[in-house]
Amino acid sequence: MQLHYDEETERFRVELRAFFEANLPAPDERTERVRSSAHIPEWARRWQRLLFDSGWLVPGWPPELGGRNATPVQQMVYFEELVRLGVPRSCNPQGLSIITPSILDFGTEEQKERYVLPTLRAEISWCLGMSEPNAGSDLAGLRTRAELHGDHFVVNGQKVWTSGAHDADFCFCFVRTDPQAAKHAGISVLIIDMGTAGVETRPLADLTDPEHADFNEVFFSDVEVPAENLVGELHHGWAIAGGSLAHERGMLWIAESTGLERIIQRVVDTARDPLPGGTWLAEDALLRDTVARAYVQAQALKLLGYRGFAKFAKGQKSPEHSVLKLLGSELRRNLALDVGEAMGPAGIDTDRDDAPAIGRRDDQAWLMQWLQSFSGTIAGGTSEIQRNIIAERVLGLPRR
Ligand SMILES: Cc1cc2nc3c(=O)[nH]c(=O)nc-3n(C[C@H](O)[C@H](O)[C@H](O)COP(=O)(O)OP(=O)(O)OC[C@H]3O[C@@H](n4cnc5c(N)ncnc54)[C@H](O)[C@@H]3O)c2cc1C
């Protein structure tokens, strides 16, 4: 195994860095706050449009879709650089990374024409309607009903934890179209215009930012959806659920270890300065030990990611991703708590901004980093579900 990049890939990295250096929106341009994961402020819209026009939005795709036909290794470098610099690619990650690829894979020509380019150019935003009050880990248990009446569906039911639903233009919504069929059959996907009569969003406040909710409950009451908004085949939405969530997953989890390195670097930076009261984190033996251990674990995760990526690039299955998701998200959470505790009162001082942000928020107090870090252990499959996957699919233990 050779752990270095060839010259062409290094040239790709240099070009990418030069692009970011010359074009990344400066902090004083980013004055309008990003309210939710489907809210795109004007500066973010311009930035995403520039990425699209320059072929840096989805480098693995062809130029007409905002890419440059980058090789898998180049795409990996792209995600490493994005995370290393903390660059937001899109303010509507679900729309860009999950829904657009799903429409490209499963949508009709009309749907591709109507939704793909406007999403890539940040002209429209999306939310993802999967989870329901009784269908999260067990997504196939979803009960939101859609009945076909001639040229339209009538949708009734409820979604929950729908990120950005109150700001989204459309919902990529998983519904039950055949209640008689077995659990995983009888599910379909509809594109629902969030402005349709009968759609109601109720934002759910969360601990980390009670005044700016991201999650929502979404209620559908006799919502009429044109039949042409069906994505893929009727009753075959389960294939889209698997396909959608797999997009870019491998690349993103490799980028995750770069994110961990960035956090560890911030701990080291914080430790170099005295805290109020004159104490130095750098003198805290327990924390030194924690950080060193976290660094070693992050390096191990990175190598595991490379191994998974090598399989992914050859078109093979790479169960390493579940291990990366599980260990990466839990390492991030534990590290944030250890640093916050070692800092004492300074760790909960929300005027400090030592901790790198997760997602859309600006840099923040370590306590906030800790509170937010729980989301990584839940979204996209909880830690317990990852352990089940590792037990059954990686180790071959019998299903419970
Ligand atoms: C930041 C964030 C953003 C999200 N955004 C969206 C979104 O935009 N759209 C959307 O549809 N959803 C979204 N979700 C919801 C997310 O997909 C669900 O929270 C997740 O799938 C878990 O489902 P649940 O919350 O219903 O928990 P449950 O599935 O009810 O699980 C509750 C607990 O039981 C455990 N458990 C469940 N089943 C098993 C099992 N078989 N074995 C062992 N333990 C088990 C779980 O690990 C968990 O600890 C988001 C979640 C987060 C945190």
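Only the coordinates and a few stated rules stand behind these numbers; no lab work does. Keep in mind that what you see is a predicted model, and the values were worked out from it rather than measured. Cβ placement follows ideal geometry from the backbone for every residue including glycine, while neighbour counts extend to all protein chains displayed.
Here LEU234 and LEU117 are evaluated by their C-beta separation; at R0 = 22 Å the FRET efficiency comes out at 0.25.
Between GLU211 and ILE348, the simple label model (points 7 Å from Cα in the Cβ direction) yields a spacing of 2.0 nm. Secondary-structure-derived ellipticity at 222 nm for the chain, considering helices only, amounts to -13000 deg cm²/dmol, per-run term -39500 (n - 2.57) for DSSP H runs with n ≥ 4. Using a simple spin-label model with pseudo-atoms 7 Å out from Cα toward Cβ, ASP289 and THR196 lie 5.8 nm apart.
Short-range pairs are left out: with C-alpha atoms under 8 Å and at least six residues apart, the relative contact order of the range 248-394 is 24 percent. Between ALA300 and GLU147, the FRET efficiency estimated from the beta carbon spacing at R0 = 56 angstrom works out to 0.65. Spacing of the modelled spin labels on ASP269 and GLU224, each 7 Å from Cα toward Cβ, amounts to 5.5 nm.
Summing Cβ point charges (Lys, Arg +1; Asp, Glu -1) relative to the Cα centre of the range 7-91 gives a dipole of roughly 340 debye.
In debye, nearest 20: dipole of the chain around its Cα centre with unit charges on the Cβ of K, R (+) and D, E (-)?
Numbers: 42 positive and 57 negative charges, 262 e Å.
Charge dipole, the chain, about its Cα centre: 1260 debye, nearest 20.
Farthest toward the positive end of the dipole of the chain, out of GLN386, ALA336, ALA271, is the Cα of GLN386, where the dipole comes from beta carbon charges about the Cα centre. In the chain, a dipole from Cβ-located charges (positive for Lys and Arg, negative for Asp and Glu) runs towards its positive end, and of GLN369, ALA181, LEU204 it is ALA181 whose Cα lies farthest in that direction. Cross-link partners of LYS311 among lysines, defined as those whose alpha carbon lies under 18 angstrom from its own and excluding same-chain residues fewer than eight positions apart: LYS302, LYS325. Phi angles of the range 82-92 translate, via the Karplus equation with coefficients 6.51, -1.76, 1.60 and θ = phi - 60°, into HN-Hα couplings of 4, 6, 4, 8, x, 7, x, 7, 9, 8, 10 Hz per residue; Gly and Pro are given as x. Can you tell me, using C-alpha contacts under 8 Å and at least 6 residues apart, the relative contact order of the chain as a whole percent? Dividing the mean separation by the residue count of the chain yields 12 percent. Computed over the chain with a Gaussian network model linking Cα atoms closer than 10 Å, the most mobile of PRO88, PRO276, PRO319 is PRO276. For the chain, modelled as a Gaussian network with Cα springs under 10 Å, which listed residue fluctuates most, ASP151, ASP53, ASP178? Most flexible of the set in this elastic network: ASP151. Taking 0.36 nm per residue of separation and subtracting the current Cα-Cα distance, fully stretching the chain between LEU3 and LYS317 would add 110.9 nm. Could you size up the charge dipole of the range 248-394 around its Cα centre, putting +1 on the beta carbon of Lys and Arg and -1 on that of Asp and Glu, and report it in debye to the nearest 20? Result for the range 248-394 is approximately 980 debye, rounded to the nearest 20. Give the Debye-formula value of log10 I(q)/I(0) at each listed q (0.06 Å⁻¹), with one equal scatterer per alpha carbon of the chain, two decimals each. Summing over Cα pairs of the chain leads to -0.25.
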